[in-house]
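Read the structure below first, then the notes.
The values are calculated or read from the model by the stated rules, or taken from the named source; none is laboratory data. It should be emphasised that the depicted structure is a prediction, and the values quoted were computed from it without experimental measurement. Cβ: placed from backbone, ideal geometry, glycine included. Neighbour counts: every protein chain shown.
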Amino acid sequence: MARLKDLLESPGIKLAEITEHLRKSTHYQRIEEALELGKAHQSRLWELAKDGEALSLDYLVPAEVKPLDPQPFEGKNSLPVWTRFQKVFYRTSNGEIAGYNNSSAHWLIGWGYYITEQSWKDKKELAVNYMKLPDEKPVNWPEIKSNTKGFSILVYGNMVDFLRWVSEDVVIGRATRKGEKIMNNWFLLCRKFPRK
């Protein structure tokens, strides 16, 4: 059976075929195949996902989930180092969708807290906005700190990531500066636990 990366290397592949492949895969397979995609695969998937469904904030944190209940996504980015990470989302008590990045590089670049919003550029997309910080976090999580101090500014400073729908459990993202300067950096997120 073809793997996700094989499909993305196939001429003429459509998003619907990618979505169906992911739907038929076990959850473990989805995570495994998503996390083996490199920069070229992620770039192509981003373009294919233009035809995807609209993303809502409930996709990341379902409406029935209680405030401050973490919703982790396994991640793989296209950077040359520290490619594996988790984006962990949660709903604040005032209804905002916030989160942070759980990365092995946190000791150097920080935790990268953010607020996630509906995109102002494309209403089908979501915007992970590192220029906005939440007012609260789950108990025992790392301290919320500015993304514009120390080495954090090199990674999270003025960063806005845009997300596109790929399947019920997978989204593809692309990084920008201030939502305007498009960067040649992509990342894939796969829900760590299947949605009930």
Requested in this report: Could you tell me whether any residue of the stretch 116-132 is of a type outside the set (Lys, Arg), at pLDDT below 95 and crowded, with 16+ Cβ neighbours inside 10 Å?
Outcome: no
Report task. Hey, can you tell me all the residues within the stretch 23-58 that are within 16 Å of the chain's Cα centre (by Cα) and among the aromatic types (Phe, Trp, Tyr)? Result -> Trp46
Query raised in the report: For residues in the stretch 178-196 being in a loop (DSSP other than H, G, I, E, B) and surrounded by 10 or more Cβ atoms within 10 Å (Cβ to Cβ), which is modelled with the lowest pLDDT?
Result: Arg195
Query raised in the report: Is it true that some residue in the stretch 60-80 is surrounded by 20 or more Cβ atoms within 10 Å (Cβ to Cβ), among the β-branched types (Val, Ile, Thr), in a loop (DSSP other than H, G, I, E, B) and in contact (Cβ under 8 Å) with a residue 24 or more places away in the chain?
Result: yes
Query raised in the report: If we scan the stretch 115-136, do we find a residue that is β-branched (Val, Ile, Thr), farther than 25 Å from Asn94 by Cβ and not in a helix (DSSP H, G or I)?
Result: no
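Matching residues to (1) surrounded by 15 or more Cβ atoms within 10 Å (Cβ to Cβ); (2) hydrophobic (A, V, I, L, M, F, W, C); (3) modelled with pLDDT of 95 or more:
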position: Thr83; (1), (2), (3): yes, no, no
position: Phe89; (1), (2), (3): yes, yes, yes
position: Ser93; (1), (2), (3): no, no, yes
position: Gly99; (1), (2), (3): yes, no, yes
position: Gly157; (1), (2), (3): yes, no, no
position: Arg174; (1), (2), (3): yes, no, yes
Query raised in the report: What about Trp141, is it more than 16 Å from Phe162 (Cβ to Cβ), without any contact (Cβ under 8 Å) to a residue 24 or more places away in the chain and among the aromatic types (Phe, Trp, Tyr)?
Result: no
Query raised in the report: How many of the residues making up the stretch 6-50 are part of a helix (DSSP H, G or I), farther than 22 Å from Arg195 by Cβ and either acidic (Asp, Glu) or at pLDDT below 95 (or both)?
Result: 2
Query raised in the report: Taking the stated definitions as given, is Ser93 more than 22 Å from Lys39 (Cα to Cα) and of a type in the set (Ser, Thr, Tyr)?
Result: yes
